Amino acid sequence: MIEICDDYDHKDFVEYILENVLMPDDGSEEFKRLKDDYNSQITSTCTCVIKNCNNNIDCCHGGYFKYHPVNKELVLVNNEDKSLPSVTECNDFCKCDLQHCNNRLVQFGPRKKLEIFHSPQYKSMGVRTLIDIPCGAFICEYAGELLTLAEAKRRLDFVDNCDKMNFILCLHEFTKSKDNTDYQASQVTIVDPTCRGNIGRYLNHSCLPNCEIFAVRINCPIPKIGIFAKRNIYANEELCFHYGGEILSPDLTNGKPCLCSAPNCVGVLPNTRI
């Protein structure tokens, strides 16, 4: 079992969690299916036994990361198809060496030298890095309560009616059609860190972000929402990602005002699509 190294905490009254947890049981069939997936184990395992194997392309899970010699850390391999952000890491059942495997990254927890601070630009809490971060490096997971579709809709209605801040993130995964001309929705993962979450809940939105999201599967078929550096990021720079996705999200005409001040800013925050 991997031990997650996460020394961060909250600046407000929220329960800090290290990774996703289930929402309270509402007795629904949808929750039962979610719970079954949450408690399932990915059975596809690698049999790599070479202690210092640097070529993870041959691994049944590998090929997603490469070693950055300057920063001495694993980073994402350039992803040419940005519309299919999915990564699979080696899991607890794999035979590879835990400390030397080049396909284990997100499972160890967020990177060091991040700081939760009050962002003057967004007039709210935000996250910045205290050191330079290379392109493709892992930042942190966006962790919270895993929700059913029905519960997400209920909470979104409550947020809208009470004019409260919405932290719910819906990760839509897509697969290419058989003729490679279109994308088809394959899975939706809904995470709410409003009351139970980690440092990821403090990253603000930007229409021109320096971070991006990837679905990362390790032991469970339900993916973690991994936040990675989209470009080289410099010390004291605030970390932001696009709340609606940059390629598959539609043009938005209403919503709360966006404060990112990017040249391509659309003026409003993306709405959660369910």
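A short reminder: the numbers here are calculations on the coordinates, not readings from a lab. Computed from a predicted model, the values in this text were never measured in an experiment. Cβ: placed from backbone, ideal geometry, glycine included. Neighbour counts: every protein chain shown.
Contact order, relative form, for the chain: 23 percent (alpha carbon pairs under 8 Å, 6 or more residues apart, mean separation divided by residue count).
Stokes-Einstein diffusion of the chain at 37 °C, 0.692 mPa s viscosity, Kirkwood radius from Cα pairs, rounded to a whole number: 168 µm²/s.
Here r is the Cβ-Cβ distance between THR47 and ILE4 and R0 is 30 Å; the resulting FRET efficiency, rounded to 0.05, is 0.75. Modelled spin-label separation between THR194 and ARG231, with each label point placed 7 Å from Cα along the Cα-to-Cβ direction: 3.4 nm. Between PHE117 and ASP132, the contour length at 0.36 nm per residue exceeds the alpha carbon distance by 3.7 nm.
Between ASP36 and PHE13, the contour length at 0.36 nm per residue exceeds the Cα-Cα span by 5.3 nm.
Cβ-Cβ distance of SER28 and CYS265, R₀ of 41 Å, FRET efficiency by 1/(1 + (r/R0)^6): the value works out to about 0.55. Looking at the square roots a ≥ b ≥ c of the eigenvalues of the Cα gyration tensor of the range 92-158, which shape do they give, rounded for a/c under 1.5, prolate if a/b is larger than b/c, or oblate? Cα axes put the range 92-158 in the oblate bin. Centre-to-centre, using Cα atoms only, the range 4-18 and the range 202-227 are separated by 17 Å.
Using the Cα coordinates of the range 113-244, the gyration tensor eigenvalues translate into equivalent-ellipsoid semi-axes of 25, 21, 13 Å, sorted from longest to shortest.
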